[in-house]
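Any read-out appearing in this document is the output of simple, stated calculations on the displayed coordinates, not a laboratory observation. If you're wondering where the values come from, they're calculated on a predicted model, not measured in any experiment. For neighbour counting, all protein chains shown are included, and Cβ atoms are generated from backbone atoms with ideal geometry for every residue, glycine included.
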Amino acid sequence: MRDESNQEHFVDGYTERLVALAVLGRKRGYPRARVLADLDDIDQEVVDIAIASLERAGVLCVEGTRLYPSAAMQRLDELTMICV
């Protein structure tokens with residue numbers, strides 16, 4: 001995937017799914033440190049890249065040390081269009 005600067009970025013869909021699932025349904029957000037602890041078997045840099053990618057795509061909102069589902073992600077969850 002390329003960003004605005006036209007640089008190539010590695011995207012790990014598996015890690016992105018795990019991060020998205022971690023914050024799904026948490027309207028008060030989820031601590032970034034907790035996500036990293038939950039995914040401690042995955043290299044922290046890979047998790048950080050996944051978080052940044054999901055934020056750029058509008059799936060997550062990052063505010064300080066907390067991760068929040070975006071309004072669109074919350075709405076899809078409310079419509080039961082995201083099934084786990």
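Could you work out [θ]222 nm for the chain from helices alone, using -39500 (n - 2.57) per DSSP H run of at least four and dividing by all its residues? Round to the nearest 500 deg cm²/dmol.
Roughly -13500 deg cm²/dmol at 222 nm, from the helical runs in the chain.
A simple spin-label model places pseudo-atoms 7 Å from Cα toward Cβ; at residue 63 and residue 79 they are separated by 2.4 nm. The orientation-averaged shadow of the Cα convex hull for the chain, equal to a quarter of the hull surface, comes to 5.7 nm².
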